[in-house]
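Inspection log for the structure reproduced underneath, given as structure tokens.
The values are calculated or read from the model by the stated rules, or taken from the named source; none is laboratory data. All values reported here derive from a predicted model rather than from experimental measurement. When we count neighbours, we look across all protein chains shown, and the Cβ atoms used for this are built from the backbone with ideal geometry, even at glycine.
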Amino acid sequence: MVSLSFPGSRCSLRVHSVKSAYSLLRGLSLAAAAGCFSATTAEAGLAGRQRVATGLSAPMFATFAPGDSTRLFIAERGGPTNSASASAAIKILDLTTGVLQSTPYLTITGINNNGEGGLLGLAFHPDFQSNSKFYAYVTANDSVANTPFSSYIREYTAPSPTSNTANATFTPVLELTQPQDNHNGGFIGFSPNDGYLYIMLGDGGSGNDQGTGHTEPGGNAQDITSNFLGKALRIDVDRDDFPATNRNYGIPFDTAESPGNPFAPATPGATNPTGDDEIWAYGLRNPFRAGFDRATGDLWIGDVGQSAREEIDFQPGSSQGGENYGWRLREGFIATPGVGGEKPADAVDPVYDYVRSGGNVNFQGSTVFGGVPYRGPDPELQGFYFFGDTASNRLWMLKPATQTTPQVVEYITPLLPTDVGSPSQPVAITEDAHGNLYITYLSGSVYRIVTDALTPGDFNADAQVDSADLAVWNTGFGLATGAQPSDGDADGDGDVDGADYLAWQQNFGWSALNVGEAAAAAVPEPTGLATLALGAAALLGRRKRA
């Protein structure tokens with residue numbers, strides 16, 4: 001792979017070979033190269049960053065509960081810092097009022113947040129509306145000598161899916177002793193394809209995956225037997241294959257709907273010596289943040305580098321698992337300086353990497369964090385992947401390659417001015433129930449990425465055009481001046497009339513989850529007075545033309 005970035009440009013392109021790069025550049029004028037396709041990459045959809053929460057204590061992550069479009073749940077790392085007995089909290093942001101609730105949704109005591117520890121991940125069960133379950137990834141003290149702490153996945157519950165406080169008691173799901181206090185990973189999340197919980201774990205810390213607590217040869221990340229470090233795990237939280245232990249989960253086996261874990265035996269109860277049953281992928285250094293494409297199930301992973309490269313890894317939603325992302329032999333697209341070598345035969349290259357120093361200043365940093373592809377209400381940004389770098393405070397957007405265009409990465413920080421404040425240390429890009437994106441800043445705030453377009457007819461901005469939008473139009477029908485899209489104005493002319501209904505009708509069935517394909521459905525009709533008014537308007541139009 002060859003990366004092309006132009007001085008003064010906001011874009012970087014990835015092509016497959018030097019020959020491809022030459023062919024591409026030969027077809028570009030110097031002005032076009034310097035602008036990096038400026039006519040198509042000056043994203044009209046990106047309008048800025050709006051601060052939605054501030055005064056937080058080291059927020060690490062923000063997410064939503066399935067079926068709940070009114071709240072955003074924000075996980076704070078825990079305080080005081082560098083403490084073996086810290087307290088972490090999950091806070092609720094009311095998206096309907098913009099108010100951050102003063103009473104935490106949950107307070108978790110006994111957190112060890114030394115080094116890179118703390119409350120690191122949060123995920124709500126896909127069936128949260130019926131079981132009120134959610135999961136947290138924390139680091140806390142253990143009883144193992146000469147270790148800083150252990151990583152724990154815990155299951156919590158709320159009294160109901162609408163409760164504003166959760167139960168403090170928990171069920172242990174999985175625990176793992178850490179040899180050092182860094183490279184803990186941190187992301188946990190449920191795949192929209194299979195409903196299993198994915199857990200990202202780093203290589204255990206230290207440097208070059210070496211030293212105390214690191215196996216040889218190859219390091220923890222390449223060791224797939226009795227070693228969860230440097231891995232992506234996949235477990236079934238709705239089963240318990242290990243009764244009478246603290247391992248309260250099941251191993252995914254082959255089903256008609258999805259493949260089993262790659263190193264698990266074909267049938268429950270059998271043994272498979274080639275690898276741990278829980279492992280889904282390996283060869284990761286510190287996958288601090290990852291994210292699923294809610295429309296396709298594709299998994300995007302931000303893996304923090306050692307000293308030379310930061311990388312974004314990709315796993316398609318159709319994957320059977322078992323990918324080896326190459327660490328410690330590989331760092332990005334190169335051999336790891338000092339300990340690297342030729343790429344293992346089964347290793348998967350990242351889809352993108354960037355340098356820590358020495359390159360285009362717009363495309364460098366030292367702590368990548370992965371985000372998610374956009375699947376919100378703005379039709380112009382569908383499928384574009386957002387990620388950033390904590391240390392350099394930079395944000396990027398990756399446009400995946402198509403059959404006719406190369407992959408493009410655009411530096412978007414200048415396209416996202418803030419409405420207030422100067423946030424620093426971004427650590428996550430996540431989404432709400434409607435697919436709007438949020439940036440969590442460790443410095444104490446959460447910002448929403450503001451876009452400026454809606455699919456005509458998506459009056460309630462929920463990333464789909466459906467009967468709920470018709471209800472909005474019916475309510476707003478007849479407004480003559482000052483109407484907004486939220487009133488039912490699809491064409492932006494300030495009123496709500498039959499033309500807006502026709503725009504809604506034309507786009508009925510559109511959804512960000514359809515990945516460009518309209519849903520087949522019967523189009524509902526407007527109700528009551530609006531129906532009569534539409535008929536009168538149509539008749540008047542015919543008379544005028546006559």
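Quick notes on this structure:
- Pair list, Cβ < 8 Å and 6+ apart or interchain, from region 388-400 residues that are within 14 Å of residue 353 (Cβ to Cβ) to residues that are among the small types (Gly, Ala, Ser) and modelled with pLDDT of 95 or more: 389/365; 389/366; 396/388
- All of (1) touching a strand residue (DSSP E or B) at 6+ places or on another chain (Cβ under 9 Å); (2) of a type in the set (A, V, I, L, M, F, W, C); (3) free of Cβ contacts under 8 Å to residues at least 40 places away in the same chain hold for residue 145 with one exception: (1).
- If the condition is being more than 24 Å from residue 331 (Cα to Cα), in contact (Cβ under 8 Å) with a residue 12 or more places away in the chain and hydroxyl-bearing (Ser, Thr, Tyr), then region 267-284 contributes 267, 274.
- The set of residues in region 73-89 being surrounded by fewer than 24 Cβ atoms within 10 Å (Cβ to Cβ), over 21 Å from residue 148 (Cβ atoms) and aliphatic (A, V, I, L, M) consists of 89 alone.
- Of the criteria (1) at pLDDT 95 or above; (2) surrounded by 14 or more Cβ atoms within 10 Å (Cβ to Cβ), which one residue 468 fails: (2)
- Enumeration of residues in region 460-489 that are hydrophobic (A, V, I, L, M, F, W, C) and in contact (Cβ under 8 Å) with a residue 60 or more places away in the chain: 461, 463
- Looking across region 131-147 at every residue that is surrounded by 14 or more Cβ atoms within 10 Å (Cβ to Cβ) and either small (Gly, Ala, Ser) or touching a Ser or Thr at 6+ places or on another chain (Cβ under 6 Å) (or both), the one that is farthest from residue 63 (Cα to Cα) is identified as 147.
- Failed criterion for residue 235 (all others in (1) modelled with pLDDT of 95 or more; (2) part of a loop (DSSP other than H, G, I, E, B); (3) within 29 Å of residue 265 (Cα to Cα) hold): (2)
- Residue 492 passes every criterion in (1) loosely packed, with under 15 Cβ neighbours inside 10 Å; (2) touching a residue at least 40 places away in the same chain (Cβ under 8 Å) apart from (2).
- Which listed residue, of 427, 408, is surrounded by fewer than 22 Cβ atoms within 10 Å (Cβ to Cβ) and assigned to a strand (DSSP E or B): 408
- Enumeration of residues in region 345-364 that are within 21 Å of residue 185 (Cβ to Cβ) and surrounded by fewer than 22 Cβ atoms within 10 Å (Cβ to Cβ): 347, 348, 349, 351, 356
- Out of 420, 472, one residue alone is out of contact with any strand residue (DSSP E or B) (no Cβ under 8 Å at 6 or more places or on another chain) and of a type in the set (Val, Ile, Thr). It is 472.
- Selected residue [of a type in the set (Ser, Thr, Tyr) and part of a strand (DSSP E or B)] from 107, 97: 107
- Test: residue in region 122-132 that is assigned by TED's automatic domain parsing to the domain that holds residue 291, aliphatic (A, V, I, L, M) and not in a strand (DSSP E or B): no
- Those residues of region 478-507 which are in contact with a Phe, Trp or Tyr (Cβ under 7 Å, 6 or more places away or on another chain) and not hydroxyl-bearing (Ser, Thr, Tyr), in sequence order: 485, 488, 490, 496, 500, 504
- Inter-residue pairs, beta-carbon under 8 Å, first within 23 Å of residue 196 (Cβ to Cβ) and in region 98-126, second of a type in the set (Asp, Glu) and crowded, with 17+ Cβ neighbours inside 10 Å, 6+ apart: 119/76
- Flag for residue 436 being at pLDDT 95 or above, out of contact with any strand residue (DSSP E or B) (no Cβ under 8 Å at 6 or more places or on another chain) and more than 18 Å from residue 301 (Cα to Cα): no
- Matching residues, region 385-405, being touching a strand residue (DSSP E or B) at 6+ places or on another chain (Cβ under 7 Å), of a type in the set (A, V, I, L, M, F, W, C) and outside any strand (DSSP E or B): 401
- Filter result for residue 88 (in contact (Cβ under 8 Å) with a residue 40 or more places away in the chain, within 19 Å of the chain's Cα centre (by Cα) and within 15 Å of residue 137 (Cα to Cα)): no
- The residue list 297, 260, 283, 338 contains one member that is buried (at least 24 other Cβ atoms within 10 Å of the Cβ) and either over 20 Å from residue 389 (Cβ atoms) or among the hydrophobic types (A, V, I, L, M, F, W, C) (or both), which is 283.
- In region 475-489, the qualifying residues are those that are assigned to a helix (DSSP H, G or I) and among the small types (Gly, Ala, Ser), and the one that is surrounded by the fewest Cβ atoms within 10 Å (Cβ to Cβ) is 486.
- Only one of 366, 422 that is more than 20 Å from residue 63 (Cβ to Cβ), assigned by TED's automatic domain parsing to the domain that holds residue 183 and free of Cβ contacts under 8 Å to residues at least 24 places away in the same chain: 422
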